[in-house]
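Notes to accompany the following structure.
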Amino acid sequence: MKFSIIAAFVVFALAQGSLAQDPAAELQKISEYFENMKNKMTEELTTFMRTQDLGNQAQTFLEEQKTQFEPMVAKIQEQLKSVVTNVEGQIQPMAANVQAQIQPMVQKFQEQMEAILKQLTDQTKAITN
């Protein structure tokens, strides 16, 4: 679009300046201008097409990389599941052992608190009577 505006402007300018000059020379200038414009448009179109091709190549490359890495990611996920299962297998017995050791202490603490509460209740009853 911008080339056609430029071309129209150039043709108009050449036509204005050609009133006193040789029409054959002016026609030659106009022909050269349009030839140059054609070459420029061809070059820009070729560049555009190459850019589009690079975009397609980049998309293909990304898809290939994704296809290549998906099995590795799946393998790593499987290995991580195995590690998690191993860790869980080791932690659960340790947690059960800690709970078994703490449970009697918690039970004794609870019994002591109940005894203190009973003693306070008994003393409160004795004072109020």
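The values are calculated or read from the model by the stated rules, or taken from the named source; none is laboratory data. Everything numeric here is computed off the predicted structure, so don't read it as measured data. Virtual Cβ from ideal backbone geometry, glycine too; neighbours counted across all protein chains shown. When the accessible area is computed, the model is the full protein with side chains, heavy atoms only, and any ligands, DNA or RNA have been set aside. Shrake-Rupley method; radii C 1.70, N 1.55, O 1.52, S 1.80 Å.
Can you pull the Kirkwood radius for the range 27-129, inverse mean 1/r over Cα pairs, to one decimal in Å?
It works out to 23.0 Å.
Would you calculate the separation in nanometres between label points at Glu64 and Lys118, each defined as 7 Å from the Cα along the Cα-to-beta-carbon direction?
Here the modelled spin labels are 8.2 nm apart.
If the chain between Gln77 and Ala100 were fully stretched, how many nm would it gain, using 0.36 nm times the residue separation less the Cα-Cα distance?
In short, 4.9 nm is gained.
If you roll a 1.4 angstrom probe over the protein chains with everything in place, what fraction of the accessible area of the range 59-101 belongs to carbon and sulfur, to the nearest %?
The nonpolar share, carbon plus sulfur, comes to 61 percent.
What percentage of all Cα-Cα pairs in the range 64-105 are separated by more than 13 Å?
Every Cα pair in the range 64-105 considered, those over 13 Å come to 66 percent.
Calculated FRET efficiency, Glu32 and Asn56, Cβ-Cβ r, R0 35 Å, to nearest 0.05?
My answer for the efficiency is 0.45.
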